[in-house]
Amino acid sequence: MRQAPLPLPADARADDELMQLAAAGERAAFEVLVRRHQARVRAYCARWCGSSAHGDDLAQECFVELWRRRSRYVPEGKLKAYLFHIAANRCKNQQRAEGRRLALVDAEPVPAGERAPISERFALRERHEHVQTGLAKLPEPQREAVLLRYSAELDYAEIASLLGAPEATVRSRVFLGLIKLRRLLRRENEA
C-alpha cells in the first residue's frame, strides 16, 4: 500500500498551481504569488510611470486585478507574462490618463547599513536619471521591450507571448532600444 505524497509547501509550488488554489479561494496561495513577483512588478511600473510611489500604487492595482481574474486564468505556464500584460496595460492607461511623458524615478534607497559616500550616491543618482531620461525618449515599443526584459526580467519568449509579436521582433526591439539608449546617454555625457 502506497502512501499519498505529502503536499508541497506553498512556496515550492508552481505559479499555475498557486493560481488554481487562489481560484479555489486559497488566499495564502495568492500571497505567495504576490511575494514571488511583487519586486519585479513594482520596479517595472515605477520605471514605466516615472515614480516609485506611483509605481507601487500601480503594482498594487495589478495584483488586485490578478486576484479578480484568478478564476478566468488558464494555466499554461505563462503567469508571469499574464501578470506583466496586466502591468503594461495599467501603465499605458495611467500614462494616457495623465497625458504626460515619462518622468524621472528617484534612485533606489540604499539600505542604512550600506551607505555609500555622498559623492557616490550623487553619481549613482545622476546616472540613474540619465538612464530614465533616455528611456523616456525611446519609441514606446522599444521602451516596453527593454523594460520587460531588464526591469521585469522576462525572457524573450515570455515577452513575445505578452506582446503578441514574434520572438525575433522582440529581440530586435530590445537590441535597437539598447543601441539608441547608449547613443542618447553618450550624447548627454558629452554635453
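Can you tell me the mean projection area, over all orientations, of the convex hull of region 117-191's alpha carbons? Units nm², please. Present the calculation step by step, with values, prior to reporting the outcome.
Numbers: hull surface 21.7 nm².
For region 117-191, the mean projected area of the Cα convex hull comes to 5.4 nm².
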Segment residue 35-residue 72, length gained on full extension (0.36 nm per residue, minus Cα span): 11.2 nm
Residue-by-residue Karplus 3J(HN,Hα) for region 68-75, coefficients 6.51, -1.76, 1.60, Hz, glycine and proline x: 4, 8, 3, 7, 8, 5, 9, x
Please tell me the relative contact order of region 10-101 in percent, rounded to the nearest whole number, where contacts are Cα pairs under 8 Å and at least six residues apart. 30 percent
State, to one decimal in nm, how far the label point of residue 165 lies from the label point of residue 26, with both points 7 Å from Cα in the Cβ direction. 3.7 nm
Given +1 on the Cβ of Lys and Arg, -1 on the Cβ of Asp and Glu, and no further charges, what dipole in debye does region 117-191 carry about its Cα centre, rounded to the nearest 20? 320 debye
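Coordinate-derived values only; no laboratory data. A quick note: this is a predicted structure, and the numbers were derived from the prediction, not measured. No Cβ is skipped: glycine too gets one built from the backbone with ideal geometry, and neighbour counts run over all protein chains shown.
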